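What follows is a set of notes on a single structure, which appears directly below.
Coordinate-derived values only; no laboratory data. Remember, predicted model here, so these are calculated numbers, not experimental data. So basically every Cβ, Gly included, is an ideal-geometry build from the backbone, and we count neighbours across all protein chains shown.
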Amino acid sequence: MEARVHGITAGGGYIRVRPEWIPSNPEMVTVDAAGEGVVRIVVMQAGESRLKLAVPGFSRELRISATREGDAMQVQISR
């Protein structure tokens, strides 16, 4: 999947930010640059991982869980 992050100013406008993306289980989840401010999140195997997005003064964690169902992978991402 591809993702992009925007910061929000005090006035409610958007600004471009480039967070560091840190998976807790890099054997399961990888994050690569896909273009201008866009990253590609790849889930390579079933399991659970956290994905931390960090910029100076702020961070947020996402939870990623994946299960294999036959030839497909079902992935859930939540805060």
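Which GluC sites (Glu not before Pro) in the chain sit in a loop by DSSP (not H, G, I, E or B) and have at most 14 other Cβ atoms within 10 Å of their own Cβ? Those that pass, being in a loop and sparsely packed, are 27, 36.
What number, in percent, do you get for the relative contact order of segment 2-78 if the mean sequence gap of Cα pairs under 8 Å and at least 6 apart is divided by its residue count? List each step's numbers first, then the result.
Details: 149 pairs, mean separation 18.3, N = 77.
With pairs under 8 Å counted, the relative contact order is 24 percent.
The simple spin-label model puts a point 7 Å past each Cα toward its Cβ; for residue 54 and residue 20 those points are separated by 0.4 nm. Which one, (1) 13.3, 45; (2) 24.8, 76; (3) 13.9, 48, gives Rg and Dmax of the Cα atoms in Å as derived from the coordinates shown? Of the labelled values, this structure produces (3).
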